[in-house]
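Here's the structure we're looking at; comments come further down.
The values are calculated or read from the model by the stated rules, or taken from the named source; none is laboratory data. Computed from a predicted structure; not experimentally measured. Backbone-built Cβ (ideal geometry, glycine too); neighbour counts: all protein chains shown.
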Amino acid sequence: MTSAPAAAASSSRTVARGPSDAETLRRNRILSSKLYFDVPPNKVPVIYSDSYNIAFLGIQKLHPFDSSKWGRICQFLMQDGVLDKIRIVEPLEASKDDLLVVHSELYLRSLESSINVSIIIEVPPVALLPNCLVQKKVLVPFRKQVGGSILAAKLAVERGWAINVGGGFHHCSADRGGGFCAYADITLCIQYAFVRLNISRVMILDLDAHQGNGHERDFSNDSRVYILDMYNCEIFPCDYEAKRYIDQKVELKSGTKTKDYLDKLDSALKVAKDVFDPELVIYNAGTDILDGDPLGQMKISPDGVTHRDEMVFRFAQDKKTPILMLTSGGYMKSSARVIADSIANLSTKSLIDLCSPQ
């Protein structure tokens, strides 16, 4: 982001100021990162690692989030013959330098405390564990998913689409985590895309049941990013400041049903299509909108989720814009099956291509 003109201290003339030291450092970190790497053509742009999954000492069962969801999505796709395991792309783990592109040293240091991590992921017993164990069993999986989200943008631009079977930590901003979100992967993904992909217009379609207050705060003054957020306004996080930064806000109530949901989405996408012309669409595809989800509190059917995802991918296809999908929230065991079925439907409808050359 370029600085505003500033008055020179030794002259009354106004001169254009170049990039600040912080901006130069951030750009250099992005350019030196190893997270963007060339993916062979025999791979499809579906990104996943077994390292995504969180499991240790049964503590993960104390949180409503299904921390093995990501692996089960891929298992279903492979069992159904939709996806070949050897076609999946494994990302690299985001390093500290990668994370410093957005996050401050102070925030990253705060994650070295088991107490702080336990607050962010909302599992109090984690505060009692040694930090080395918390890093390995909780934060490494998150950092691996961050690497997947960042790589997904590159693959989406190259192939037209990409799916990170993970990511979507939309409650985390540059200096604050929360709601099971420790790293701001959406913000990182976009900042990398600005520099490495030379794009300047990104649309975030956030259809998780919860308001995406993290990326909203991060891009509060950045006209390059257009945010459409459709969420249940009666539940967490109720971040009223962040709401001011949403370009297109669609607020729903608890108990919203499938037809009403899809009608509102259709109207919102029509507006978005006319008012912004993105070079990349980031789709935060939470399944916590499902009927029965204890945190989303809406009543959308599995078929409704499939239809929703199809609508979004058709939107991107109609605009001839690359799209990347993040799986985000979903707090029932059934979410993995629903996501796998939706991805299979996208393939059936030729909105994605899960077949690659041998």
Inset, instruction - Select from the stretch 342-356 the residues that are in a helix (DSSP H, G or I) and in contact (Cβ under 8 Å) with a residue 60 or more places away in the chain and write down the one among them that is surrounded by the fewest Cβ atoms within 10 Å (Cβ to Cβ). - result: Ser347
Inset, instruction - Would you mind telling me which numbered condition in (1) surrounded by fewer than 18 Cβ atoms within 10 Å (Cβ to Cβ); (2) hydroxyl-bearing (Ser, Thr, Tyr); (3) touching a residue at least 24 places away in the same chain (Cβ under 8 Å); (4) out of contact with any helix residue (DSSP H, G or I) (no Cβ under 8 Å at 6 or more places or on another chain) Ser328 fails? - result: (1)
Legend entry - Test: Asp208 is touching a residue at least 40 places away in the same chain (Cβ under 8 Å) and surrounded by fewer than 23 Cβ atoms within 10 Å (Cβ to Cβ): no
Inset, instruction - With respect to Ser328, determine if the residue is at pLDDT 95 or above and at positive phi. - result: yes
Inset, instruction - Please enumerate the residues belonging to the stretch 137-184 that are over 18 Å from Val102 (Cα atoms), surrounded by 24 or more Cβ atoms within 10 Å (Cβ to Cβ) and small (Gly, Ala, Ser). - result: Ala156, Ala162, Gly166
Legend entry - The one condition in (1) under 13 Å from Gly212 (Cα atoms); (2) assigned to a helix (DSSP H, G or I); (3) in contact with a Phe, Trp or Tyr (Cβ under 9 Å, 6 or more places away or on another chain); (4) not hydroxyl-bearing (Ser, Thr, Tyr) that Glu241 fails to fulfil: (3)
Inset, instruction - Go through the residues of the stretch 18-38 one by one and say whether even a single one is assigned to a loop (DSSP other than H, G, I, E, B), more than 15 Å from Leu99 (Cβ to Cβ), modelled with pLDDT of 90 or more and not hydroxyl-bearing (Ser, Thr, Tyr). - result: yes
Legend entry - Only listed residue being part of a loop (DSSP other than H, G, I, E, B) and touching a residue at least 60 places away in the same chain (Cβ under 8 Å), chosen from Gly166, Gly147: Gly166
Legend entry - Leu83 vs. criteria part of a loop (DSSP other than H, G, I, E, B), at pLDDT 95 or above and touching a strand residue (DSSP E or B) at 6+ places or on another chain (Cβ under 8 Å): yes
Legend entry - Tally of residues being part of a helix (DSSP H, G or I), under 23 Å from Arg201 (Cβ atoms) and touching a helix residue (DSSP H, G or I) at 6+ places or on another chain (Cβ under 8 Å) across the stretch 310-325: 5
Inset, instruction - Could you please find all residues in the stretch 277-309 being under 18 Å from the mean Cα position of the chain (by Cα), assigned to a helix (DSSP H, G or I) and closer than 17 Å to Ile323 by Cα? - result: Arg308, Asp309
Legend entry - Residue check, Ser149 in contact with a Gly (Cβ under 8 Å, 6 or more places away or on another chain) and among the polar types (S, T, N, Q): yes
Inset, instruction - Tell me, please, whether a residue that is on the phi > 0 side of the Ramachandran plot and touching a residue at least 12 places away in the same chain (Cβ under 8 Å) can be found in the stretch 114-130. - result: yes
Inset, instruction - Kindly indicate whether any position in the stretch 286-304 is within 18 Å of Glu158 (Cα to Cα), crowded, with 22+ Cβ neighbours inside 10 Å and out of contact with any Leu (no Cβ under 6 Å at 6 or more places or on another chain). - result: no
